[in-house]
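The values are calculated or read from the model by the stated rules, or taken from the named source; none is laboratory data. Source: prediction; values computed, not measured. Neighbour counts run over all protein chains shown; Cβ positions are idealised from the backbone, glycine included.
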Amino acid sequence: MLAIYSFDKERLSLLPAGLDHIRMPSHIAVIMDGNGRWAQRRGLPRIMGHRAGVEALKRTLSLCSDWGVSALTAYAFSTENWNRPYEEVGFLMSLFERVLERELEALERAKVCIRFLGDLEVLPLRLQELIASATERTADNKGIRFNVCINYGGRRELVKAAQILAERARIGKLDPETIDEACFEAELHTAGESDPDLLIRTSGEMRLSNFLLWQLAYSEIHITDMLWPDFNREALVLALEDFQRRQRRFGGVE
Ligand code: IPE
Ligand code: IPE
Ligand code: MG
């Protein structure tokens, strides 16, 4: 009991003044957008923006962990991002590999439980191996849950869930009448994870770009013009203050 008390006290002291610890989102999702523009504005190749974006993600994960957020879900590569130039896709895949290799120990030390959401079977083999090992090595960690969406598409996720349930019905193991939201949710990549309370999108774009179409049904949305590599403590505080001012009604009335 004492241990829990002092742990919470320590955590409260880390929370920036002005944020109410009672009204913190439990799960934050981020669409990390604007890496390319960040680089272009500096006269750099787009890939430099992706590299800088990794630092922004590390900052965000660490702040969320310090401030008692239970889960962070980050959109790293969409099913549509394969349409980018071959070189950029190749760079991103090798960046994911390098970052995983380099950061795994630090993630373990920080008690982060990392999961990867998306169609992972088509990723480069080396990346798949690193993903499997990071998932396994951090599976029992009790710190923040860090979900990285790679080759993730909301529509594909929903279609796959429908296929799984249809097949189960076809072989007589599922009565279609009994399909409900819980049953559907259990077949999504996010099975077992709560829905995001807050979605943050950087770079000012006001769209979902096929991210968590089911899970974001009642999330609060915060859009900032800041480009992802610039996203920092102040920007996260602004997003959280915005969130704490919202009145969540879930279709009901005050
Ligand atoms: C987001 O930044 C990162 C990925 C989609 C991988 P972008 O690469 O989309 O950057 P912009 O939107 O072109 O500036
Ligand atoms: C969404 O950003 C995907 C990720 C952040 C990984 P995009 O840059 O791909 O989205 P659009 O093309 O602007 O909608
Ligand atoms: Mg973009």
Test: residue in the range 198-210 that is within 21 Å of CYS64 (Cβ to Cβ), modelled with pLDDT of 95 or more, touching a His at 6+ places or on another chain (Cβ under 6 Å) and not in a helix (DSSP H, G or I): yes
Any pair with Cβ under 9 angstrom, 6 or more apart, that starts in the range 187-206 at a residue that is under 17 Å from LEU158 (Cα atoms) and among the β-branched types (Val, Ile, Thr) and ends at one that is part of a loop (DSSP other than H, G, I, E, B) and within 16 Å of ligand 1 (Cβ to nearest atom): THR190/LEU212
All positions within the range 214-240 that are touching an Asp or Glu at 6+ places or on another chain (Cβ under 8 Å), within 20 Å of PHE146 (Cα to Cα) and assigned to a loop (DSSP other than H, G, I, E, B): TRP214, GLN215, LEU216, SER219
The range 198-215, residues that are more than 13 Å from ligand 3 (Cβ to nearest atom) and more than 24 Å from PHE184 (Cα to Cα): ILE200
Residue in the range 218-234 that is within 16 Å of ligand 3 (Cβ to nearest atom) and under 14 Å from the mean Cα position of the chain (by Cα) present: yes
Number of positions in the range 241-254 that are surrounded by fewer than 12 Cβ atoms within 10 Å (Cβ to Cβ) and either touching a Gly at 6+ places or on another chain (Cβ under 6 Å) or not in a loop (DSSP other than H, G, I, E, B) (or both): 1
Test set (1) without any contact (Cβ under 8 Å) to a residue 12 or more places away in the chain; (2) closer than 25 Å to CYS113 by Cβ; (3) of a type in the set (Lys, Arg) - LYS160 fails condition number: (1)
Residue in the range 13-24 that is more than 12 Å from ligand 1 (Cβ to nearest atom), within 13 Å of the chain's Cα centre (by Cα) and of a type in the set (S, T, N, Q) present: no
